[in-house]
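The values are calculated or read from the model by the stated rules, or taken from the named source; none is laboratory data. Treat the numbers as computed from the prediction; the structure is a model and nothing was measured. Using ideal geometry, Cβ is built from the backbone for each residue, glycine included, and neighbour counts are taken over all protein chains shown. Note: accessible area is taken over every heavy atom of the protein model, side chains too, but ligands, DNA and RNA are not part of it. Shrake-Rupley method; radii C 1.70, N 1.55, O 1.52, S 1.80 Å.
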Amino acid sequence: MPTTKQDIGETIRLLLRTRHVTIQTLADALGVSRQQVHARLRGEANIAAHELVIIADLLDVAPGVLFVSASELQRRLLGPRALIDSERNQRAA
């Protein structure tokens, strides 16, 4: 399970991408600006408990999923091959 705010932000970013949800849509759902969303996803600002519920609802996942590491979630969503390819791409960059 992620232990840092940045880890939770990374998981939310992955879910936003896989669900094709924009930062603006998330900002609108939370009633904050895009900049405030980015600050939360970078771990520079706290995500309130009620915001986690809103985010989970928007992304159609249980709130507990937001505490699964992004790499584990990617493995679950896309399979182990996608994780290997992703790690290769990161090393090549």
message = Being at pLDDT 85 or above, surrounded by fewer than 17 Cβ atoms within 10 Å (Cβ to Cβ) and touching a helix residue (DSSP H, G or I) at 6+ places or on another chain (Cβ under 7 Å) is the requirement here; does V68 meet it?
response = no
task = Kindly indicate the residue of the range 19-32 that is open to solvent by 50 Å² or more (accessible area, probe 1.4 Å) and part of a helix (DSSP H, G or I) and also farthest from E72 (Cα to Cα) among those meeting that condition.
result = D28
inquiry  = Looking only at the range 33-47, count every residue that is open to solvent by 30 Å² or more (accessible area, probe 1.4 Å) and in contact with a Leu (Cβ under 9 Å, 6 or more places away or on another chain) and tell me the total.
reply    = 4
R13 vs. criteria open to solvent by 80 Å² or more (accessible area, probe 1.4 Å), under 24 Å from L77 (Cα atoms) and in a helix (DSSP H, G or I) = no
inquiry  = Here's a check for you: in the range 14-41, which residue that is of a type in the set (D, E, K, R) and modelled with pLDDT of 95 or more is farthest from A70 (Cα to Cα)?
reply    = D28
message = Restricting to the range 31-78, and then to whatever is within 14 Å of the chain's Cα centre (by Cα) and small (G, A, S), can you tell me which residue is nearest to V21 (Cα to Cα)?
response = A56
query = Pairs, please: C-beta under 7 Å, at least 6 apart or cross-chain, first residue more than 16 Å from L30 (Cβ to Cβ) and in the range 49-71, second among the small types (G, A, S)?
reply = A62/A56; V65/A56
query = Would you call L73 open to solvent by 30 Å² or more (accessible area, probe 1.4 Å), at pLDDT below 95 and touching a helix residue (DSSP H, G or I) at 6+ places or on another chain (Cβ under 9 Å)?
reply = no
